[in-house]
Amino acid sequence: MQTLRYQTVIIGSGFAGRTVASHLQEGSFIILERGEDRDHSETIKRYQAAKDRGMRDFDAEALAFRSDRPWNRFDRLSEFCYSQFAMVRGGASNWWGGKSSRFSPEIFRSQEGLPWPLTLDEMEPFYRLAERRLNIAGDPLLGQSREAAPIEGAAVWRTAFAPHLQPSHLYAVAVSKNNSLGTLTGQGACQGRGHCAVCKEDAKARPDNRFMPMNILHDAYVLEIEFDGDSATGVIFFDGKQTIRVECERVLIAANGVETPRLLARSELPSGVNVGALGHFCQDHAHLEIDCWIPKALPQGAIGALSHVQVQELSRMYATPLGEVETSALALTHGPGHRALAQALQPHWVKRGGAAAIRQGLAGTFKIFVELETLAQVDARVDLESEIAVIHDKGYSQLIPHFDRITDDMCATLARQGVTVLGTHRFFRSGYGGHHFVGTTNWSRSPHNMMEDDGRLGGTSNVYVAGSSVIPRSGGVAPTLTLVALAERLGQHLAAA
Ligand SMILES: Cc1cc2nc3c(=O)[nH]c(=O)nc-3n(C[C@H](O)[C@H](O)[C@H](O)COP(=O)(O)OP(=O)(O)OC[C@H]3O[C@@H](n4cnc5c(N)ncnc54)[C@H](O)[C@@H]3O)c2cc1C
């Protein structure tokens with residue numbers, strides 16, 4: 001078998017893997033990535049060609065990203081998880097919508113279930129590094145004073161919903177080249193065209209745009225990690241023709257919340273690893289949209305990025321018999337969408353005021369997008385035996401009636417504040433978005449903990465894990481900023497070791 005040798009082998013070239021790698025010495029590491037080495041402009045061309053043939057957005061996107069490798073397929077993971085799952089270079093990080101705040105103080109303080117091993121204060125310096133790297137403001141109070149890429153037009157939105165909703169700040173997807181960090185290879189600036197998974201300007205903050213080129217071996221599907229006692233001695237991967245071994249002194253697994261536990265389960269793990277917790281407590285976010293109207297023209301389209309206003313009144317903990325569910329709610333600034341507009345164009349509007357009323361109805365219509373925490377208590381888990389990726393999540397159905405009650409509560413809050421609720425879209429009733437996969441190699445102050453405080457997998461002397469799988473609980477907030485912050489922490493530790 002062909003053998004390579006590096007000090008550190010990193011598995012996965014998404015944000016987590018590359019963030020850690022950026023702290024290491026060039027030449028000391030290799031990143032093994034199962035996605036093929038395809039230029040993003042090719043992806044855009046494939047997408048455009050599919051659109052020209054009349055294909056719908058999501059189908060065109062799937063076709064554009066499709067791999068020629070049978071092991072890199074788009075799979076639906078379960079009955080309730082409605083997203084497809086893609087293995088491409090840079091992973092899910094290509095898709096992220098840039099909506100990523102710091103986790104709330106309540107999540108760091110909570111002693112329920114799977115308590116955090118770090119405090120918010122301990123996370124602070126790493127959050128700052130991650131915000132700079134991803135070019136976002138993760139703390140609403142930092143608002144427009146953020147160091148990188150202030151959002152033009154943000155001030156207009158701060159009070160746009162007054163007097164109905166509290167003044168708030170914008171969260172925004174980073175606009176790659178439109179930043180002050182001259183060393184990055186970012187592409188064009190965001191034109192705010194809407195569909196951004198395959199951005200025509202290539203403005204999306206995907207890993208290839210946020211990191212300098214690195215030593216990445218594509219088309220390298222890692223099959224297992226080899227151990228001698230509690231030490232990893234090498235990694236075996238398949239390149240489509242042969243298996244190859246990489247000897248190393250340490251391994252970093254950054255293969256996302258589904259593939260990280262699956263890869264560990266394929267390896268002969270040392271006896272000290274807490275395998276009972278492996279793949280369990282998989283948490284994600286379910287979704288809800290609330291179509292709203294206020295008697296006021298909103299400045300929609302005034303900012304050329306995917307920026308959204310946090311609705312503070314609806315972003316909080318809700319008590320349920322299963323535990324507290326955290327939610328985060330964003331008022332979207334890029335127009336209300338056709339469903340909300342259709343609701344706003346009810347015949348009674350037209351009858352009452354004719355064209356002027358229609359204009360007013362449209363101008364004050366907006367959509368609130370809500371993420372609802374899917375609790376660890378329902379114990380969704382990654383199948384560790386199946387050939388393709390599968391999540392067992394029947395327990396999710398217990399959450400649906402509670403999400404219904406939370407939705408009603410939110411609508412009542414909005415009504416009290418003079419916001420007309422035109423309708424709700426309760427996507428959570430059919431399932432949740434499989435985007436985040438938090439908690440599957442849990443790092444918590446609990447018996448389910450699998451990690452050491454230095455980012456090492458417990459029971460091993462030299463295997464480290466980065467990515468959402470180590471996050472014990474993310475609450476109602478998407479995890480990317482936090483997983484990058486943790487990867488910055490781990491990167492500093494490995495560089496110093
Ligand atoms: C549609 C969508 C929208 C999202 N929006 C947001 C958002 O708005 N905000 C937010 O915070 N988060 C969002 N996310 C989540 C975000 O994308 C992830 O949290 C983040 O990208 C995870 O980064 P990662 O590096 O841990 O994993 P990934 O980016 O998935 O990287 C893992 C890499 O490992 C590789 N890999 C896996 N197994 C192997 C193997 N056996 N051998 C070799 N390589 C392997 C994969 O190919 C992949 O490149 C979204 C995700 C999706 C899908």
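The values are calculated or read from the model by the stated rules, or taken from the named source; none is laboratory data. Because the structure is predicted, anything quoted here is derived from the model rather than measured. Positions of Cβ are backbone-derived with ideal geometry, glycine not excepted, and every protein chain shown enters the neighbour counts.
Cβ separations smaller than 6 Å between residues 6+ apart or across chains give the following pairs from region 474-497 residues that are within 18 Å of Ala137 (Cα to Cα) to residues that are of a type in the set (S, T, N, Q) and more than 10 Å from the ligand (Cβ to nearest atom): Gly476/Thr327; Gly476/Ser328; Val477/Ser328.
Any residue in region 75-94 that is polar (S, T, N, Q), free of Cβ contacts under 8 Å to residues at least 40 places away in the same chain and surrounded by 16 or more Cβ atoms within 10 Å (Cβ to Cβ)? Looking for residues that are polar (S, T, N, Q), free of Cβ contacts under 8 Å to residues at least 40 places away in the same chain and surrounded by 16 or more Cβ atoms within 10 Å (Cβ to Cβ), one finds none in region 75-94, hence no. Of everything in region 277-302, what is assigned to a strand (DSSP E or B) and under 30 Å from Leu384 (Cβ atoms)? Give them in sequence order. Of everything in region 277-302, those that are assigned to a strand (DSSP E or B) and under 30 Å from Leu384 (Cβ atoms) turn out to be Gln283, Asp284, His285, Ala286, His287. Among the residues examined, Gly113 does not qualify as touching a strand residue (DSSP E or B) at 6+ places or on another chain (Cβ under 8 Å), within 16 Å of the ligand (Cβ to nearest atom) and of a type in the set (Gly, Ala, Ser). Taking the listed residues Lys45, Lys51, the one that is surrounded by fewer than 16 Cβ atoms within 10 Å (Cβ to Cβ) and among the basic types (Lys, Arg) is Lys45, with no other qualifying.
Taken over region 128-140, the criterion of being touching a residue at least 12 places away in the same chain (Cβ under 8 Å) and surrounded by fewer than 22 Cβ atoms within 10 Å (Cβ to Cβ) is satisfied by Leu129, Arg132, Asp139, Pro140. The single condition among (1) surrounded by fewer than 23 Cβ atoms within 10 Å (Cβ to Cβ); (2) in contact (Cβ under 8 Å) with a residue 60 or more places away in the chain that Val382 does not satisfy is (1).
Please verify whether region 257-264 includes one or more residues that are assigned to a strand (DSSP E or B), modelled with pLDDT of 80 or more, surrounded by 18 or more Cβ atoms within 10 Å (Cβ to Cβ) and within 16 Å of the ligand (Cβ to nearest atom). No - not one qualifying residue is present in region 257-264. Condition check: under 27 Å from Cys248 (Cβ atoms) and among the polar types (S, T, N, Q). Does Ser28 satisfy that? Here the answer is yes, as Ser28 does meet what is asked.
Of all residues in region 241-250, none are modelled with pLDDT under 95, farther than 30 Å from His392 by Cβ, within 27 Å of the chain's Cα centre (by Cα) and among the basic types (Lys, Arg). Considering Phe108, Phe15, Phe58, the condition of being away from the ligand (no atom under 15 Å from the Cβ), within 20 Å of the chain's Cα centre (by Cα) and under 30 Å from Asp393 (Cβ atoms) is satisfied by Phe108 alone. Residues of region 441-486 being closer than 24 Å to Glu226 by Cβ and near the ligand (Cβ under 9 Å from one of its atoms), which ones? Hits for region 441-486 are Ala466, Gly467, Ser469.
Taken over region 269-295, the criterion of being surrounded by fewer than 24 Cβ atoms within 10 Å (Cβ to Cβ), away from the ligand (no atom under 16 Å from the Cβ) and either at positive phi or at pLDDT 95 or above (or both) is satisfied by Pro270, Ser271, Gly272, Val273, Asn274, Val275, Gly276, Ala277, His280.
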